[in-house]
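Throughout, read-outs are computed from the coordinates displayed, never taken from laboratory work. Keep in mind the model is a prediction, meaning the values are calculated, not measured. Neighbour counts run over all protein chains shown; Cβ positions are idealised from the backbone, glycine included.
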Amino acid sequence: MSKTVVLVIDGFGIGAMPDAGVLRPGDRAADTCGHVLDHCRSALGRPLRLPALGALGLGLVHPHPDLARRTALPVAAGRAALGYPGADTFAGHQTMMGADFSRVTVARLGEHLREVASALTAAGHRVARPDGRPLLVVDGSVLVHDNLEADPGINWNVSGRLDDLPFARILGIARTVRAVAPVARVIAVGGHADGPLGTYVRDGDGGTVGLDTPASGFYRNGGLEVRHLGAPLDHTRQLPDLAARAGIPVTLVGKAADILVCEAAVRRPAVATAEVLAHTLEAVRAPGDGLIVANVQETDLAGHQQDAERYGRILELADAGLAALTGLLDGTGDRLIVTGDHGNDPTIGHAHHTREYVPVLTHRPGAAGVDLLPDAPSLADVGATAARSLGLDAAALANGTVRTGPGDLVPYGPAPHATHTTAR
């Protein structure tokens, strides 16, 4: 039996990409990992306890003094550029699973109000435009608006209070918007706000207008429901579907269960980190081969809340789960890939994602030594490498290049379709 686990620490960047300051010049200084470590050492009076991430090679790809520079585990460590515009969870995960998401459409809702309003009216909804601003109020309670937590024009949100209507109705409105939206993602959001949603509408970057979701109380009041409706993709050329068609059981955990498509997958949606880790460990312990893709979302939520101390506490909790995972994955064919989907620096001065490199740390039981890999141009290389570890033909994915080092012993499967130079 062999398992391949891709664990995504949401919003875990390790330093700004060269173009990070194009939209916000201050983002050139973004470093989610480094700044969280600095803040927590000061706030807690001690460094964060991240022994598992250290053993997986985080200190080999980030120079922070609190991170170990050596590891006894057989790992391949590197970092990846995002490979898609902006900094977005949906685009990040689709890219990671092998999609070519380098040319998603970027558009503000205000540029498409007429089409969206017409579609909603045709579906039987009442639509209003409050104060002539570029957003819509549907049926007197649901907001259709720009997503202010991503780069301008990447995503639109459909938000409603669960005190006013059930999430199923919010989702129905979002599906109508999705049918005419040109953007990568339409996100249906239901939660419990501290007051009327109109109270929390504000201007964003680049002429966007939307709900300030963190300020509304949705993230802290409990009961949050979210559904990500993505742009049309050929999911048959992504890793989960490729694995399922080869007879390999697929389990999607946390936010990955919401945003990745695979009809054969077992889905374990969860937000709480402890629950995400418990589902992941359960899937690893199951008999037989398997692909598990899991997302630790609460790091991203802490970034949006600009709460570096909370981010650090969640990192420590995730680290404990990683220690348990590395203890279970001990077969020659097992792989654990730890990565991120973008940055979300809680110290940068805004609640947006940050465009950063992310770590790609691969634990390879049975391999020889430690390999340091050059920068990957895209997160798609994560999916290609995971496909290789499962004995699948990575060339069947829409995008991505296998990244293995000379110390990586792969006991089965087709030969890699590309070779990378590594440094010890």
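Per 0.36 nm of contour for each residue apart, how much would the distance between Val261 and Ala179 grow if the chain were fully extended, relative to their Cα-Cα spacing?
Going from the current span to full extension adds 27.8 nm.
Quick one: if the Förster radius is 56 Å, what FRET efficiency do Asp205 and Arg245 give, using the C-beta to C-beta distance and rounding to 0.05?
Efficiency at R0 = 56 Å is approximately 0.85.
Report the Rg/Rh value for the range 169-288, based on alpha-carbon coordinates and the Kirkwood definition of Rh.
In the range 169-288, Rg relative to Rh is 1.04.
Can you find, among His350, Thr251, Leu53, the residue farthest towards the positive end of the dipole of the chain? Put +1 on the C-beta of Lys and Arg, -1 on that of Asp and Glu.
Final value for the positive-end residue is Thr251.
Return one number: the angle in degrees, 0 to 90 and rounded to the nearest 10, between the long axis of the Cα atoms of helix 167-180 and the longest principal axis of the Cα atoms of the chain.
90 degrees
What list do you get for Val180, Val253 if you sort them by fewest beta carbons within 10 Å?
Ascending number of Cβ neighbours within 10 Å: Val180, Val253.
Describe numerically, in nm with one decimal, the distance between label points set 7 Å from Cα along Cα→Cβ at Thr332 and at Ala72.
Result for the modelled spin labels: 2.3 nm.
Just subtract the alpha-carbon distance of Asp307 and His192 from 0.36 nm times their residue separation and send over the number in nm, one decimal.
Stretched fully, the Asp307-His192 segment lengthens by 39.4 nm.
Label-point separation (nm) for Leu372 and Ala323, each offset 7 Å from Cα along Cα-to-Cβ?
Roughly 2.7 nm, to one decimal.
Given H placed on each backbone N at 1.01 Å, which residues far from Asn344 in sequence or on other chains put an amide H within less than 5 Å of it?
Those qualifying (amide H under 5 Å, at least 5 residues apart or on another chain) are Gly13, Thr32, Thr354.
Please give the FRET efficiency for Ala168 paired with Glu115, using the beta carbon to beta carbon distance and R0 = 22 Å, rounded to the nearest 0.05.
0.35
If you take the alpha carbon radius of gyration of the chain and divide it by 2.2 N^0.38 Å, what ratio comes out, to two decimals?
Relative to the rule-of-thumb radius for its length, the chain sits at 0.95.
Just to be sure I understand: with springs between alpha-carbon atoms less than 10 Å apart, which residue in Phe167, Phe12, Phe101 has the highest mean-square fluctuation in the Gaussian network model of the chain?
Among Phe167, Phe12, Phe101, the largest GNM mean-square fluctuation belongs to Phe167.
With r defined as the distance between the Cβ atoms of Arg237 and Arg46 and R0 fixed at 41 Å, what FRET efficiency is calculated, to the nearest 0.05?
In this case the efficiency is close to 0.35.
Among Tyr311, Tyr219, which comes first, second and so on when ranked by fewest other beta-carbon atoms within 10 Å?
Tyr219, Tyr311
Would you please give the residues with an amide H less than 5 Å from that of Asp66, counting only those at least 5 places away or on a separate chain, with H modeled from the backbone geometry?
Under 5 Å from the amide H of Asp66 lies no amide H from a residue far enough along the sequence or on another chain.
Want the number for Arg28 to Asp393: 0.36 nm per residue separation, take away the alpha-carbon distance, what's left?
Full extension from Arg28 to Asp393 adds 127.7 nm.
Counting helices only, and only those DSSP H runs with n ≥ 4, report the 222 nm mean residue ellipticity of the chain as the sum of -39,500 (n - 2.57) divided by its residues, in deg cm²/dmol to the nearest 500.
-8000 deg cm²/dmol
Hey, got a sec? Which GluC sites (Glu not before Pro) in the range 209-307 land in a DSSP loop and have at most 14 other Cβ atoms within 10 Å?
Sparse-neighbourhood loop GluC sites (Glu not before Pro): Glu263.
For the chain, with only Lys/Arg (+1) and Asp/Glu (-1) charged at the beta-carbon, what is the dipole magnitude about the Cα centre, in debye rounded to 20?
380 debye
Using 7 Å Cα-to-Cβ label points, what is the Ala286/Asp139 separation (nm, one decimal)?
3.5 nm
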